[in-house]
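A short worksheet on the structure shown next.
The values are calculated or read from the model by the stated rules, or taken from the named source; none is laboratory data. Just so you know, these numbers come straight off a predicted model, no measurement behind them. Please note: Cβ atoms are built from the backbone with ideal geometry, for glycine as well, and neighbour counts cover all protein chains shown. These accessible areas exclude ligands, DNA and RNA; they are computed on the full protein's heavy atoms, side chains included. Shrake-Rupley method; radii C 1.70, N 1.55, O 1.52, S 1.80 Å.
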Amino acid sequence: VADNDVGRLFAALASADLPVPAAGSVVARGRQRRRRARGLAALAVVAVAAVIVAGIVGLPAIGRGSPTAPGRHASKPRHGSARAAGMMCPAAPDKAVSTALGRELAASTQHGIVPVALSASGRELFAVTTAGSFHGIVEESIRTAVVIARIEALAPGETAQGVPGPGGGLAFTVSHVTGGGQGPAVSTGAEFWAPDAKLTALEPPGQVGGVLSPLAVSGGRLAAWEQSDGKMQEIVEANLATGVADVISRGYVGPPVFVGGALVWPVAPNAASAFTYGRNPQAPSHLAAVHAATFPAGGPIAVPPALRAAGSATLIASDGLQTAYASPDLADLYYSPAPSQPARLVFRLPAGNAFTPGAMAFGTSYLAWQTASATSYLVSTRSLAVVAIPGFSSLAVIAADVIIENTTGPKLSPAIRLHLLTGPAITTLRCATPG
Amino acid sequence: MDFIEFYQAAAQRVVRHGYALTGSLAEAQDVAQEAFARAWQHWDSVRGCDSPEAWVRRVATNLAVSQFRRDRAARSAVRDLVAADVPAISPDMVALVAALRTLPERQRVVLVLHYLADLPVGQIAADLRAPAGSVKAWLARGRDALAVAMSEDGCGSPGRPGTGRPGRAGSRAAGGGACGG
């Protein structure tokens, strides 16, 4: 059965005239639910009253505890106010961007590839290929789509996620679906591949759990990530050159990021508010940091000023110098040009939109992110001019340049339509209205 | 917007969504009715959402997934044959939803959200609170697995409900041999 047939069947299903329940029965069921909810609410009021009475008369009350502390980021009114000074500005139409959007990469003609990352030079694409005789991670030329190297073969059902590493390498994790196909995708370990065909496993002693966060890589040939030891989350730092890795913190921790000479990660106070992947707006938390300019990491240090006001933010990006983070509700963006400078609010997404967890990264003098509405945003950190490209996604592949994927076309083509935007094209964006 | 007006505009799409996820028209109708009933209950806030239909679809997805898990072992072929008897559902469509039922939950949900609800990868990632890369991988694998299941004529038919839901493509391929096409 060809992909086209599958699409035709979905299209047929999308237009099938299926019998639906009568509107009246839906409303009746709604009323029933409302009555039940009111009954439960009344019971709750009675229970609360009983607890209060018990407290007054000195009886031990069950279930009393301190109320949950409010998050540091209280909800604030959105939009309405005029753009403040220092906010990002819409970019003027740019020929280099429009040219890139009109030109697909050679890799777009290939079937069965899923991009993983772009090399630090911007000349090679790392991808998982599922077509042909090899299922695994490959490095291929951006210009010609010719496979340069086979990095690692994958078992059926496995895939990979990664980030570019130093020296044209790739730091990556291999993941598979657990629970006989019913559970979440779990990454079982981290590896680093260098162009001299050297593959290094990055494994701390005693590791039994899976990698939970995207890998963070520093310019100092270090990598860090969040993993599970089966019971608790851990922050791991690894030396890419030797593969030696250390667990440097345990607890209800979140995805780490290198900021200057520090490794920073969010910490939730208890299991109830532990992190979901990159997103848990209700989780009251703080950031922790250790000195991590070299391996092994040093002791705890103060969180760099760039992140001191980040509160319970979990979507943080940094290239080691510049830092950006999204507010816990994934709606506002804060930016700092240097670790020593406090971040400030620079951008607010349109109401109802949100940053996609894990899809924000710095290139050379630019920042790129993706939103839930499949819009890619690219901003020059020199001019703060930002361009929004609706219908394009896949900003996980980012380094000196950025590859974006056109998701607006026919979905049934097995080829993924890729476009390359060079770093200089983004860096030179200008505001449509200066000032 | 009036709830009835909204219901009449969106009910068909939500029932189709439930049907694709559960493989049973009766369950799909039940899931849709429950999801819309919850929307009615909270209509004052739901109608203020950017997309009330997206809200209902999300509830329906959660209900369908939990219902599918609950009923997987007890699913009966008879109920599915009833669905197949509905004139609007062609044998091809029955084959499609039967094939969908052989896929792992994540792949099934992602395929349905992408192809039937027409959601972009970023939106699905946000809805499922999963990395976009994982959504893409589930989509790619689901597409491949669906094509395999559809080509193994009879393997994904309603006559083999709730069985053979391996997570690995290799296992699916091996299972296909017993069906004999």
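Here's a check for you: in region A:332-346, which residue that is part of a strand (DSSP E or B) and open to solvent by 20 Å² or more (accessible area, probe 1.4 Å) is farthest from B:Asp118 (Cα to Cα)? Spell out the reasoning first.
Filtering region A:332-346 down to residues part of a strand (DSSP E or B) leaves A:332-336, A:344-346.
Those left that are additionally open to solvent by 20 Å² or more (accessible area, probe 1.4 Å): A:334, A:344-345.
Numbers: A:Tyr334: 32, A:Arg344: 36, A:Leu345: 33 Å.
Here the answer is A:Arg344.
The single condition from (1) of a type outside the set (S, T, N, Q); (2) in contact (Cβ under 8 Å) with a residue 40 or more places away in the chain; (3) within 24 Å of A:Val211 (Cα to Cα) that A:Tyr325 fails is (2).
So, A:Leu349, is that one surrounded by 21 or more Cβ atoms within 10 Å (Cβ to Cβ), away from every other protein chain (no Cβ under 14 Å) and not acidic (Asp, Glu) or not? Talk me through it step by step, then tell me what you get.
Values: surrounded by 21 or more Cβ atoms within 10 Å (Cβ to Cβ): yes; away from every other protein chain (no Cβ under 14 Å): no; not acidic (Asp, Glu): yes.
The answer is no for A:Leu349.
Just one of the numbered conditions (1) of a type outside the set (Asp, Glu); (2) buried (at least 24 other Cβ atoms within 10 Å of the Cβ); (3) at pLDDT below 85 is not true of B:Val148: (2).
If you go through region A:20-40 and keep only what is closer than 28 Å to B:Ser90 by Cα and either more than 7 Å from chain B (Cβ to nearest Cβ) or in contact with a strand residue (DSSP E or B) (Cβ under 9 Å, 6 or more places away or on another chain) (or both), you end up with just A:Ala22. Within region B:92-108, the residues that satisfy the criterion of being within 12 Å of B:Gly23 (Cα to Cα) and either open to solvent by less than 10 Å² (accessible area, probe 1.4 Å) or facing another protein chain (nearest Cβ under 7 Å) (or both) are B:Met93, B:Leu96, B:Val97, B:Ala98, B:Ala99, B:Leu100, B:Leu103, B:Arg108. Contact map, region A:221-248: residues that are part of a loop (DSSP other than H, G, I, E, B) paired with residues that are aromatic (Phe, Trp, Tyr), Cβ distance under 8 Å, separation 6+ or inter-chain. Pairs shown: A:Met232/A:Tyr252; A:Leu240/A:Phe192; A:Gly243/A:Phe192.
Quick check on my filter: what residues within region B:15-57 are within 20 Å of B:Tyr115 (Cβ to Cβ), facing another protein chain (nearest Cβ under 8 Å) and either more than 10 Å from the chain's Cα centre (by Cα) or open to solvent by less than 10 Å² (accessible area, probe 1.4 Å) (or both)? Across region B:15-57, the qualifying residues are B:Val15, B:Tyr19, B:Ala20, B:Leu25, B:Ala28, B:Ala32.
So in region B:115-124, with the set limited to residues that are within 7 Å of chain A (Cβ to nearest Cβ) and closer than 16 Å to B:Tyr19 by Cα, which one is surrounded by the fewest Cβ atoms within 10 Å (Cβ to Cβ)? Here the residue is B:Leu116. The residue list B:Ala77, B:Ala84, B:Ala60 contains one member that is open to solvent by less than 60 Å² (accessible area, probe 1.4 Å), more than 10 Å from chain A (Cβ to nearest Cβ), modelled with pLDDT under 55 and touching a helix residue (DSSP H, G or I) at 6+ places or on another chain (Cβ under 9 Å), which is B:Ala84. Screening region A:363-391 for residues that are touching a strand residue (DSSP E or B) at 6+ places or on another chain (Cβ under 9 Å), open to solvent by 20 Å² or more (accessible area, probe 1.4 Å) and away from chain B (no Cβ under 12 Å) and picking the one that is nearest to A:Ala92 (Cα to Cα) gives A:Val387. Given the condition of a type in the set (A, V, I, L, M) and open to solvent by 20 Å² or more (accessible area, probe 1.4 Å), answer yes or no: does some residue in region A:247-258 qualify? Yes; the residues of region A:247-258 include at least one that is of a type in the set (A, V, I, L, M) and open to solvent by 20 Å² or more (accessible area, probe 1.4 Å).
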